[in-house]
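> Just passing along the structure, written as structure tokens.
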Amino acid sequence: MSLATPFTTGDGRAGLVRPARARDGRAALAIVREAAGEHPRTLTVTVGELWSARLWRRRRMDWGPGGVTLVAEVGGEVAGSLQCSRGVRIADSHCARIGLSVGSPSRGIGVGRALLTGVETWAREHGVERLELGVFASNERARRLYERLGYEVEGVQRAAARFPEGDLDLVLMAKWLR
Ligand SMILES: CC(C)(COP(=O)(O)OP(=O)(O)OC[C@H]1O[C@@H](n2cnc3c(N)ncnc32)[C@H](O)[C@@H]1OP(=O)(O)O)[C@@H](O)C(=O)NCCC(=O)NCCS
């Protein structure tokens with residue numbers, strides 16, 4: 001199965017989803033940094049807690065049984081990234097947890113959708129049946145995308161995130177691939 005999947009953006013540009021390489025670290029982190037600084041909040045992580053480029057490289061996962069780090073390129077530049085980690089226990093090894101961010105200039109043109117489609121290919125290839133994520137109740141854009149792709153709401157963790165400006169509820173969503 002091909003590890004790199006081409007796609008076309010909503011505005012007609014060539015995109016590619018592929019496993020991240022060590023040298024993607026700075027670009028991928030810059031996108032997460034931007035998202036971590038946004039208000040209203042979209043990520044649990046705050047800017048001061050972000051991984052260094054070195055730690056990102058160490059935590060980056062090749063396409064393998066434990067998970068994968070994917071990037072989406074548009075016009076040869078990293079436009080978004082996705083991290084997926086499989087459960088480490090026998091009992092949850094059929095599950096994998098996803099986090100993703102797309103840089104603001106590349107949002108709304110199918111980059112997030114392409115990353116989530118790419119991770120499904122990884123999951124099916126490795127026998128992962130359940131993809132899970134948490135999304136702030138207020139993050140309409142992300143929730144809409146997940147719903148369109150078949151993720152279902154399984155519950156809400158009330159005030160699961162505490163920021164200086166207030167608490168946020170976290171919606172738990174999952175998609176079964178079997
Ligand atoms: C959420 C995010 C990953 C989505 O990625 P994206 O590349 O913008 O999403 P796509 O362009 O693939 O898809 C957008 C979908 O969301 C929906 N959407 C787009 N803009 C929207 C908006 N302003 N309001 C509500 N829904 C919207 C559309 O239904 C679209 O679905 P479609 O492809 O069926 O038309 C991206 O916006 C992002 O990184 N945001 C900041 C970080 C974040 O929220 N990460 C996820 C944390 S759980």
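> List every residue pair whose Cβ atoms lie under 7 Å apart, where the two residues are 6 or more positions apart in sequence or sit on different chains, the first residue falls within the range 75-92 and is at pLDDT 95 or above, and the second residue, located anywhere, is among the polar types (S, T, N, Q) and assigned to a strand (DSSP E or B).
These pairs meet every condition: 80/101; 81/69; 81/101; 83/69.
> Looking only at the range 123-133, decide whether some residue is touching a Gly at 6+ places or on another chain (Cβ under 8 Å), assigned to a strand (DSSP E or B) and either on the phi > 0 side of the Ramachandran plot or β-branched (Val, Ile, Thr) (or both).
No, the range 123-133 has no match at all.
> For residue 140, all conditions in the list (1) of a type in the set (Asp, Glu); (2) near the ligand (Cβ under 9 Å from one of its atoms); (3) surrounded by 16 or more Cβ atoms within 10 Å (Cβ to Cβ) hold save one; what is the number of the exception?
(3)
> In the range 1-46, which residues are modelled with pLDDT under 95 and assigned to a helix (DSSP H, G or I)?
none
> Given the criteria surrounded by fewer than 20 Cβ atoms within 10 Å (Cβ to Cβ), free of Cβ contacts under 8 Å to residues at least 60 places away in the same chain, within 15 Å of the ligand (Cβ to nearest atom) and not in a strand (DSSP E or B), does residue 54 qualify?
So residue 54 does not fit the description; no.
The values are calculated or read from the model by the stated rules, or taken from the named source; none is laboratory data. These numbers were taken from a predicted model, which means no experiment stands behind them. Heads up, the Cβs are rebuilt from the backbone with ideal geometry, glycines too, and the neighbour counts pull from every protein chain shown.
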